[in-house]
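Working notes, structure below.
The values are calculated or read from the model by the stated rules, or taken from the named source; none is laboratory data. All of these numbers come straight from a predicted model, not from anything done at the bench. No Cβ is skipped: glycine too gets one built from the backbone with ideal geometry, and neighbour counts run over all protein chains shown. Protein only, heavy atoms only, side chains kept; ligands, DNA and RNA dropped before computing areas. Shrake-Rupley method; radii C 1.70, N 1.55, O 1.52, S 1.80 Å.
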Amino acid sequence: MKVINVGLLGCGTVGTGVAKLLIENQALLRSRVGAELRLKNIADIDTRRDRGLDLAPGVMVPDALPVVDDPEIDIIIEMIGGEGIARELILKAIQNGKQVVTANKALLAIHGNALFAAAAAAGVDLAFEASVGGCMPIIKTLRESLVANRIHAMTGILNGTCNYILTKISEDGSPFQEALAEAQKNGFAEADPTLDVEGFDTAHKLALLTALAFGMQINYGDIYIEGISKITPQDIGFAADFGYRVKLLAIGKDRGNAVEARVHPTMIPEDNILSSVSGSLNAITVSADAVGDILLSGRGAGMLPTASAVLSDVVDIARNLVNGATGRVPALSYQRDQIRKVPLLPIEELTTHYYFRFSALDRPGVLSKISGILGNHEISLKSVHQKGRKTDGAVPIVMLTHRAREADVKQALAEIAFLDVVSDRPVVIRIEDDNDPD
Ligand code: HSE
């Protein structure tokens, strides 16, 4: 039976999961691949730590380069992360004619156009199922299962840390920092949690999904990104009063000559299917012309769920190698000469519904001042609520709008912030409510 040699670079949480599945499910994988997947080497600077893996002597090595240069190795799995050494090693592996599997969404979002071009030029596959949504097979779904569809829109919860934090705040009013610390303890936060809570990790993933869905170059730099670090229990509570939940959403929409790609906290109706996705789970809905709407949901992080996605790529490649093929499925779904440079819609041109919270003095005429400025900027109010009564301090005033233009909202709020009856910066949360077309 053919033997396919695998080299694993990086043996942290997910790398350990990959090694575990390769070892423990070896017979199962053999029966599905029609070849032996042999974990020839694992490279990690920490060769001594007990990871609970039953490895033959010599498998674990401290240097990655000899593994990438080993002519016997067919598939390199990059689990180091980051944009530095990981990029160099992937490029070296590609130059050496090896197939590569990675979960490195930050690297692909920023350097993916060049890396996919290098892989195509070398005639090797660069596979990345685990980079978005952990075990949720969204890459394969967009690239293969929905290949006959024109994709209209995608809406995803793509960061387990943020979803966990928002769920904790909403269920028990936990302070943000406490919820974040628990997410970190559970092992699904990034090494630098800023990537999670400020929305960058979600945007890395959205950059890859929009490329796959809309046949465009990866364009991380132009995605509008806003994280969850300023979301308070108070706003989550008010959202609930109006029948909304707050989620950090990745939204990608085909707008004809442009693509809408944005990441921000969003209020969605309680009956929206994404509202019920709680804790560290990820989910995504995809709307496409032939299938209508579909939903994928699953664990977006963690050792074995992510390793499962990595192994799905390894098996795809191994099955191809058994049949003497590579490059059968284009990495970004479209043939390379069909990938266009598509502009992203500037956030100022977005029209959507908004939630505003102002801290304002409880005095006659305050509401009319605020709503007057909003009216001057063509922002029509759907409802206005004063939360509480105080004669000597600020009260929260909450407003929901009809559909308004982001540029108008920005100008109006800048003017309102200058009113002497308004303290603090206004809070703005966008609303996606398909039940309300206006
Ligand atoms: N930090 C990510 C998350 C892990 O919390 O979802 C997987 O990308």
Return yes when residue 70 is open to solvent by 20 Å² or more (accessible area, probe 1.4 Å) and touching a residue at least 24 places away in the same chain (Cβ under 8 Å) and no when it is not.
yes
Return the residues of the range 283-311 that are more than 16 Å from the ligand (Cβ to nearest atom) and part of a helix (DSSP H, G or I); say none if nothing qualifies.
311
Residues being touching a residue at least 40 places away in the same chain (Cβ under 8 Å), under 26 Å from residue 231 (Cβ atoms) and hydroxyl-bearing (Ser, Thr, Tyr) - total across the range 255-305
5
Screening 123, 133 for residues that are out of contact with any Pro (no Cβ under 6 Å at 6 or more places or on another chain), open to solvent by less than 10 Å² (accessible area, probe 1.4 Å) and in the same structural domain as residue 332 (by TED's automatic domain parsing) leaves only 133
Of everything in the range 93-133, what is of a type in the set (S, T, N, Q), assigned to a loop (DSSP other than H, G, I, E, B) and either under 26 Å from residue 157 (Cα atoms) or in contact with a Gly (Cβ under 6 Å, 6 or more places away or on another chain) (or both)? Give them in sequence order.
104
The range 405-435 - residue that is assigned to a helix (DSSP H, G or I) and charged (D, E, K, R) and, of those, least open to solvent (accessible area, probe 1.4 Å)
406
For the range 175-228, the count of residues that are farther than 15 Å from residue 248 by Cβ, within 12 Å of the ligand (Cβ to nearest atom), not aliphatic (A, V, I, L, M) and not in a helix (DSSP H, G or I) equals 3
Quick test for you: out of 315, 291, 286, 329, pick the one residue that is within 21 Å of the chain's Cα centre (by Cα) and of a type outside the set (Gly, Ala, Ser).
286
Taking into account only those residues within the range 156-174 that are open to solvent by less than 30 Å² (accessible area, probe 1.4 Å) and either away from the ligand (no atom under 16 Å from the Cβ) or aliphatic (A, V, I, L, M) (or both), which is farthest from residue 272 (Cα to Cα)?
174
Considering 308, 297, which residue is among the small types (Gly, Ala, Ser) and within 25 Å of residue 236 (Cβ to Cβ)?
297
From the list 4, 23, 45, which one is on the phi < 0 side of the Ramachandran plot, assigned to a strand (DSSP E or B) and either open to solvent by 60 Å² or more (accessible area, probe 1.4 Å) or β-branched (Val, Ile, Thr) (or both)?
4
